[in-house]
Amino acid sequence: MEEQNLNNAGGMNQSPPSDNTVQTISQTIENPSNSASAQVKYAGFWIRFAASFVDGVIVFLMSIPLIILAFFSMGGEVENSFSVNILSLMISWGYHILMTDKYQATLGKRFVGIKVVKEDLGRASLGNLILRETAGKLLSQLIFFIGYIVVAFTSRKRALHDIIGGTVVVFDDNNIKSRNLLIGIIASIVGFFVILFFIFISITLVSLQSARDKSEIDVFKSSANSLVAESILICDEEVLSDDKPAISGKYLGKRNFIKGTNSSDCGPMGSGEFEFTIDSIGLPEKCTARITEKGATFEGC
């Protein structure tokens, strides 16, 4: 009797589980992702656009060393260079795939607190990411970027490249918590490449100025050499006349970058001898040309 009373007392406060509780437990066991899916927040168009903007800046800065290398290896002409464009695309492609494969997010996505996962919210495989970044984004661009805009209209806010790659983009609380550290890292990277960019601009400007100066000096030398033949003709004409044959460097020097400094008499009839000098004007360095019937010689340039 006493043992029976104890058993009754032990089960006094226990009641059998309800049918709803049993059904909920059963559904959770059969499909554990349901409870996780209910808490998932999918990343929309504008937050993804912000991440893409940050990534675009980072990829551009990463491409600067390539542009600098191409600039000097191609003689200062990199415009419309097919090889540079292809290499820039490869940098962007590799950056997105490798970063997402290792961290589930690029620096831009980590900055705004989102990540890329599979449709079932598991970790995306390398194959998923290659398909997403290659076929998916290429197709989106071929149809005038409509594949990106559909994010605003799909139920899980998936872009065309998400659908093709079997992925979704969701908010990640862990990334949000580490944002301050990430901001510091990104700021350091951006700062480094900005400094590198300004160094490149400075070198480019100096190179262009040097090339322009050389071009102007070449014009001066060419003009001085042309005066030799011109002076010979003048002497040949003047020695046949009764006037005193003379060549005016001041007169002949009325052309770009040239200032005539003196005049010269032609030599005895038939000798064609003469000598005068001209100075450069408007050039970065003073250049003097000595003009004789034998040619032009230069000092200072």
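The values are calculated or read from the model by the stated rules, or taken from the named source; none is laboratory data. None of these values were measured; they are calculated from a predicted model. Cβ sites come from the backbone with ideal geometry, for glycine too, and all protein chains shown count toward neighbours.
Scanning the range 158-186 for residues that are under 14 Å from LEU121 (Cα atoms), modelled with pLDDT under 95 and crowded, with 18+ Cβ neighbours inside 10 Å returns a single hit, ASP172.
Can you say whether ILE149 is within 28 Å of ILE189 (Cα to Cα) and in contact (Cβ under 8 Å) with a residue 24 or more places away in the chain, as far as the supplied structure shows? So ILE149 does not fit the description; no.
Among the numbered conditions (1) within 21 Å of the chain's Cα centre (by Cα); (2) in the same structural domain as VAL59 (by TED's automatic domain parsing); (3) polar (S, T, N, Q), the only one that SER188 does not meet is (2).
To keep it simple, each residue is scored yes or no on (1) surrounded by fewer than 16 Cβ atoms within 10 Å (Cβ to Cβ); (2) in contact with a Phe, Trp or Tyr (Cβ under 7 Å, 6 or more places away or on another chain); (3) modelled with pLDDT of 80 or more.
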site: PHE198; (1), (2), (3): yes, no, yes
site: LEU208; (1), (2), (3): yes, no, yes
site: ILE217; (1), (2), (3): no, no, yes
site: PHE220; (1), (2), (3): no, yes, no
site: GLU237; (1), (2), (3): yes, no, no
site: ASP243; (1), (2), (3): yes, no, no
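Being in a helix (DSSP H, G or I), more than 24 Å from the chain's Cα centre (by Cα), farther than 20 Å from ARG156 by Cα and without any contact (Cβ under 8 Å) to a residue 60 or more places away in the chain holds for only one residue in GLY127, GLY108, GLY94, and it is GLY127.
Scanning the range 112-124 for residues that are hydrophobic (A, V, I, L, M, F, W, C) and either modelled with pLDDT of 95 or more or not in a helix (DSSP H, G or I) (or both) gives ILE114, VAL116, VAL117, LEU121, ALA124.
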